[in-house]
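The values are calculated or read from the model by the stated rules, or taken from the named source; none is laboratory data. Predicted model, so just to flag it, every value in this text is computed and none were measured. Cβ atoms come from the backbone with ideal geometry, glycine included; neighbour counts cover every protein chain shown. For accessibility, only protein heavy atoms count, side chains too; no ligands or nucleic acids. Shrake-Rupley method; radii C 1.70, N 1.55, O 1.52, S 1.80 Å.
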Amino acid sequence: MSDWALRLLGIDPAEIPAGSERGWRFLAAPESWRLFLFFFIVAAGAGVIYWLYRRENSTCSLTVRRWLAGLRIAVLLLLALVWLEPAITYVRLRERQASIVVLRDASQSMNVRDRYFEDQAAESIAQASGLSTAEIQDRRPSRADLLNDLAAPAYARFLETLQQRGDVIVADFSGQVDEREVRPRIVPSSSHPAGLAAAQTNLAGTGDADKKGNDRKADNSDQQPAPLTADGRSTELAIALQTALARDPLAAIVLFSDGQHTGVDDLGDVAQQARDRGVPVFVVGLGDAKPPRNLKVDKVYARSQAWLREPFEIEAVLSVQGVQADLAAGPSPKETRVQVELIERELPSQGSQPGPGQTVGRQEIALPPGEGRRSFKFTHTPQRTGSFVYTIRAESIPEERLEDDNQADSTRVTVEDERKIRVLLVSGSPSWDYRMVERLLLRENSIDLSCWLQTLDEDRPQAGNTQIDELPRDKASLLAFDVVLLFDPNPDEFDKEWIDLLKNEFCGRHSGGLLYMAGPQYSNQFLQGNRTGGLADLLPVRLAEIRGGELLDMMAAHPQSWPLRAPPAYIDHPVMSISGDERASLAQWGKMPGVYWTYPAQEARPTAQVLLEHSDPSLWRGRTARPLMAAGRYGSANTMYLGFPGTWRWRSAGAGAEYFDTFWVRAVRFLYDSRKHDGKRRGFVQAEKDRYEIGENVRLFAQLQDDQFNDLLLDEASATVTTDGSRLERFTLRPIPDQPGRYQAMIPAMQTGVHTVRIELPDDLAGEDSEGVEEAAGPASEQVETTFTVELPGLETNAVWLNRPLLEEIADVSGGAYYQLDQLQELAAEIPDATEKIAVPGKPLGLWNNWLTLALAAVLLTAEWGVRKWNKLL
């Protein structure tokens with residue numbers, strides 16, 4: 001309908017958007033039989049009017065009467081037309097843009113630097129990047145580098161080409177999907193219909209048209225692609241595809257990945273869902289499809305404390321993959337050997353980069369046939385004191401794919417001088433535990449033992465390297481010792497003052513180590529008594545508050561021994577490392593002689609580590625097993641709890657009581673660790689574990705004291721973390737509710753290597769409010785620190801080659817295709833244009849309620865009135 005026709009009908013053409021399709025219809029038109037009834041009534045009305053005018057007075061001619069009838073019928077028809085509500089209609093055409101989702105694998109495997117030994121794979125990368133095949137094989141770019149750097153121009157042109165077919169959503173995925181950028185469709189303005197709208201919603205939304213209806217003439221040629229950061233711990237291909245399929249409308253999915261799916265969902269089902277939706281999945285494979293050859297140093301174990309000029313062991317695990325045929329230089333693949341070296345690197349005290357270190361050991365390791373793991377160890381005798389990291393490095397093998405994992409670091413090892421550890425051993429009776437531990441510690445060169453057997457006759461001398469003639473009762477004599485061992489002591493010889501001295505001075509302010517071994521003879525009286533019960537505050541467990549016969553039943557000895565259960569989470573604790581690596585130690589603890597009698601400890605205190613648990617489920621509290629042995633902190637002091645006697649039975653395990661001896665020597669040295677700075681440390685900070693994988697959360701705990709060794713009360717504690725002594729980051733620890741002086745924080749493990757956490761402690765805070773600490777304290781003069789190691793996740797490093805068959809299956813089932821990196825423009829040409837044209841009706845413009853209709857009715861009625869008056873009719 002033309003503009004002049006609209007104006008003739010009383011409609012302003014400006015009310016209808018340009019480019020709309022115009023028409024007209026009756027808004028109130030009846031339907032079905034009502035329509036025929038309507039026409040019948042109108043026709044009957046017209047007939048009655050004509051009949052009446054034919055019978056009109058003969059004072060006027062028949063022609064006049066016909067004119068009058070015609071005018072009246074015209075009024076009737078006009079009223080019928082008004083009742084039908086005629087209106088001008090128009091329809092706006094909008095385009096609903098179908099999106100193209102580009103999924104990029106952001107898992108750790110995208111950091112792999114492929115060797116591209118096959119020329120065909122190298123040529124594809126060379127053509128995409130503009131480099132030669134030799135340059136690609138020499139530079140060995142990571143898969144992430146291909147998109148971010150070398151092939152970035154081709155990738156950017158690819159995205160721009162996709163924008164000509166629809167909105168482009170770029171998302172990175174690993175364990176979850178993270179939308180990185182939205183690129184609106186690019187349409188030339190000359191060919192773009194008016195009213196085309198943009199669809200810029202999130203990845204899981206729907207592509208509704210732009211409400212404003214503005215023409216899209218966007219040109220994103222200057223928009224740089226979002227960089228790919230490959231830091232994910234897994235590759236959940238199914239989750240990525242399902243998230244993309246949640247978008248509607250969707251033209252296609254483009255997947256960049258190596259195809260190493262680490263999830264549990266069936267990718268075939270997801271690909272079939274895409275096919276059923278009519279959404280093809282186009283796949284671009286990244287990586288080298290050739291099965292890998294690789295040596296990997298998986299783990300390096302070393303105890304945290306070593307002694308000057310005293311040998312200790314450093315253990316490691318070497319993983320072998322795909323090397324048996326290529327390295328079979330001897331008569332059998334079993335004879336294949338590689339050189340492995342031990343490197344000692346000193347950790348600086350103030351966060352500077354450690355040097356390359358020095359090689360302190362070498363050996364040849366025989367590789368297992370095919371794929372497998374081989375454990376080995378170095379024995380090293382440190383020749384200087386300080387803090388060190390020990391690196392195990394294996395030589396590269398021919399055509400090895402990933403050389404970055406040929407070395408691994410231990411956690412920090414502190415080497416101390418030969419000053420002997422002063423140990424006070426107190427026992428309420430000459431038990432077998434007392435006798436065996438006394439003999440062991442007497443002959444241990446690093447320990448100076450003093451014993452106090454409470455049942456010994458007064459005229460007989462006490463045992464020990466340094467004999468004592470009375471129990472130390474004053475501060476000076478007690479602080480002469482570094483470690484106190486209490487074996488089921490008799491409470492009659494102790495008073496509240498001695499317990500307070502032990503708690504406040506020896507452990508609280510001077511970081512002396514304490515071990516308490518419970519026993520059936522005195523433990524209930526000692527730990528529940530008014531004078532000595534305060535000792536329970538020092539222990540890393542909470543004890544049962546039960547008295548009378550019920551407690552006696554709980555403490556009753558079993559007729560048979562119950563096996564010990566070592567929680568795997570803390571098998572790397574220095575006290576628990578009694579046999580080779582962690583796996584061997586865990587297995588050996590399960591073989592150790594069990595327990596008959598145990599004290600009813602309820603649970604571990606916060607930050608304490610349960611090293612041994614009772615295996616009797618009837619003694620559990622809900623899902624928590626009864627703690628048998630636990631290690632923890634009281635202030636800055638290391639403390640241990642043994643809820644059972646009978647460790648002397650462990651002498652029967654191993655050769656020459658090796659496990660019994662190793663346990664007790666390591667226990668003493670662990671307890672001494674908190675005393676090694678003469679009790680001057682004002683707190684501690686520690687991580688839940690020694691080792692983490694990238695992407696895990698590292699939970700840190702700290703207990704801090706002021707310069708008077710009172711709890712340090714702050715709104716927050718500032719800390720730093722350095723990686724291998726270089727990259728420095730700051731974070732804060734928050735107070736733990738209802739635990740004065742204790743703080744905690746959660747930080748992500750984002751980079752491999754040895755991480756050192758340091759907390760600077762302010763001076764002169766005694767008696768001051770915690771507010772304004774930094775201003776009042778001035779520069780910090782003391783710090784507490786700890787270390788932990790971050791490694792690559794096993795799921796992302798065990799299988800790193802290109803899984804081309806799986807990616808081709810996804811593409812084939814979904815109706816897409818598989819492409820290489822140099823075929824991006826060919827891929828873009830295959831993306832269908834799934835733009836939908838949607839008719840959006842506008843609001844009808846009524847013709848019956850405007851001035852023209854009213855004027856027409858007035859003209860008809862006036863004309864009839866005038867004719868009647870002219871002919872002198874009523």
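Screening Gly47, Gly19 for residues that are loosely packed, with under 13 Cβ neighbours inside 10 Å and over 30 Å from Trp865 (Cβ atoms) leaves exactly one candidate, Gly19.
Being at pLDDT 85 or above, crowded, with 23+ Cβ neighbours inside 10 Å and not polar (S, T, N, Q) narrows it down to one of Leu267, Leu286, so name that one.
Working: Leu267 fails: crowded, with 23+ Cβ neighbours inside 10 Å.
Checking each option against the conditions leaves just Leu286.
Filter segment 27-66 down to residues that are basic (Lys, Arg) and not in a helix (DSSP H, G or I), then give me how many there are. Number of matching residues: 1. Annotation: Leu76 fulfils all but one of (1) open to solvent by less than 40 Å² (accessible area, probe 1.4 Å); (2) at pLDDT 80 or above; (3) part of a helix (DSSP H, G or I); the unmet one is (1).
Suppose the filter is crowded, with 19+ Cβ neighbours inside 10 Å, farther than 26 Å from Phe158 by Cα and either touching a residue at least 24 places away in the same chain (Cβ under 8 Å) or not hydroxyl-bearing (Ser, Thr, Tyr) (or both); does Val300 pass it?
In short, yes.
Within segment 448-478, the set of residues being open to solvent by 40 Å² or more (accessible area, probe 1.4 Å), closer than 22 Å to Thr639 by Cα and either among the acidic types (Asp, Glu) or part of a loop (DSSP other than H, G, I, E, B) (or both) comprises Arg473, Asp474. Scanning segment 580-618 for residues that are without any contact (Cβ under 8 Å) to a residue 24 or more places away in the chain and among the hydroxyl-bearing types (Ser, Thr, Tyr) yields Ser585, Ser618. Of the residues examined, Pro13 is not one that is at pLDDT 80 or above, open to solvent by less than 70 Å² (accessible area, probe 1.4 Å) and in the same structural domain as Thr89 (by the TED database).
Conditions (1) among the charged types (D, E, K, R); (2) open to solvent by 30 Å² or more (accessible area, probe 1.4 Å), marked per residue:
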residue: Phe388; (1), (2): no, no
residue: Thr391; (1), (2): no, no
residue: Ile397; (1), (2): no, no
residue: Gln407; (1), (2): no, yes
residue: Arg419; (1), (2): yes, yes
residue: Val426; (1), (2): no, no
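Take the conditions (1) open to solvent by less than 60 Å² (accessible area, probe 1.4 Å); (2) modelled with pLDDT of 80 or more; (3) outside any strand (DSSP E or B); Gln703 misses just one of them, which is (3).
Listed by first and then second residue, the pairs with beta-carbon distance under 8 Å, at least 6 apart or on different chains, first residue in segment 637-652 and on the phi > 0 side of the Ramachandran plot, second part of a strand (DSSP E or B), are Gly646/Val595.
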